[in-house]
1. Using alpha-carbon pairs under 8 Å, 6+ residues apart, how would you state the relative contact order of segment 5-140 in percent?
2. In square nanometres and to one decimal, what's the mean projected area of the convex hull around the Cα atoms of segment 65-144?
3. Kirkwood Rh over alpha-carbon pairs of segment 1-46, then Stokes-Einstein at 4 °C and 1.567 mPa s: what D in µm² s⁻¹, rounded to an integer?
4. Only counting other Cβ atoms within 10 Å, I'd like His75, His68, His35 sorted with the fewest neighbours first.
5. Between their Cα atoms, which of Lys58/Lys120; Lys80/Lys128; Lys13/Lys116 are more than 29 Å away from each other?
6. Could you point to the residue in Pro28, Phe43, Ala123 farthest towards the positive end of the chain's charge dipole, with +1 and -1 charges on the Cβ of Lys/Arg and Asp/Glu respectively?
7. Name the residues whose placed amide hydrogens come within less than 5 Å of the amide hydrogen of Phe39, ignoring near sequence neighbours (fewer than 5 apart) on the same chain.
8. Considering all projection directions equally, how large on average is the shadow of the alpha-carbon convex hull of segment 1-104, in square nanometres?
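Here, each number is a calculation from the coordinates, and none is a lab measurement. Here the structure is a predicted model, which means the values were calculated and not measured. Backbone-built Cβ (ideal geometry, glycine too); neighbour counts: all protein chains shown.
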Amino acid sequence: MVGDTYATLLTGKDTAGRFCLIDVHIPPGGGPPPHQYDFEESFIIIEGEIEATFRGVKSVAGAGQTVHVPANAPHQFHNKSDRAARLLCICSPAGQEEFFAQVGVPVATRTTPPPKLDEKARAEFMAKAQALAPQYRTELLKHA
């Protein structure tokens with residue numbers, strides 16, 4: 001998704017809906033657009049670092065640090081470094097993993113780059129994500 005790779009490690013089916021666990025690979029320059037959810041989300045940075053924007057405030061988090069995003073908080077993150085970042089993402093309750101499965105493109109491995117999208121394909125991808133987002137309690141925003 002959006003150049004990043006999301007590998008689901010635990011689904012809501014595994015946790016009775018309590019949470020999901022996603023292994024996120026973010027290449028240099030990667031990261032999702034601004035968004036918010038009506039559920040909790042935490043990122044544990046395993047490798048590299050990210051610049052997180054949370055309610056308009058930017059901060060940098062590196063390996064060993066955790067970023068917690070409460071429900072309904074506008075946020076986004078980017079990998080501004082020259083090496084890949086790896087995060088473990090926990091969403092509670094579960095469900096976000098289903099959104100990623102619906103809008104994402106399957107790839108061979110956790111670090112396989114997704115296919116490059118031309119302008120038309122990217123617009124179609126974003127339209128699909130916008131259409132599906134409300135079903136998964138997600139809102140894509142213009143600014144975090």
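1. 31
2. Its Cα hull, projected and averaged over all orientations, spans 6.7 nm².
3. On the way: Rh = 12.1 Å.
Result for D is 107 µm²/s.
4. His68, His35, His75
5. Lys58/Lys120; Lys13/Lys116
6. Ala123
7. Asn72
8. One quarter of the hull surface, i.e. the mean projection, equals 5.7 nm².
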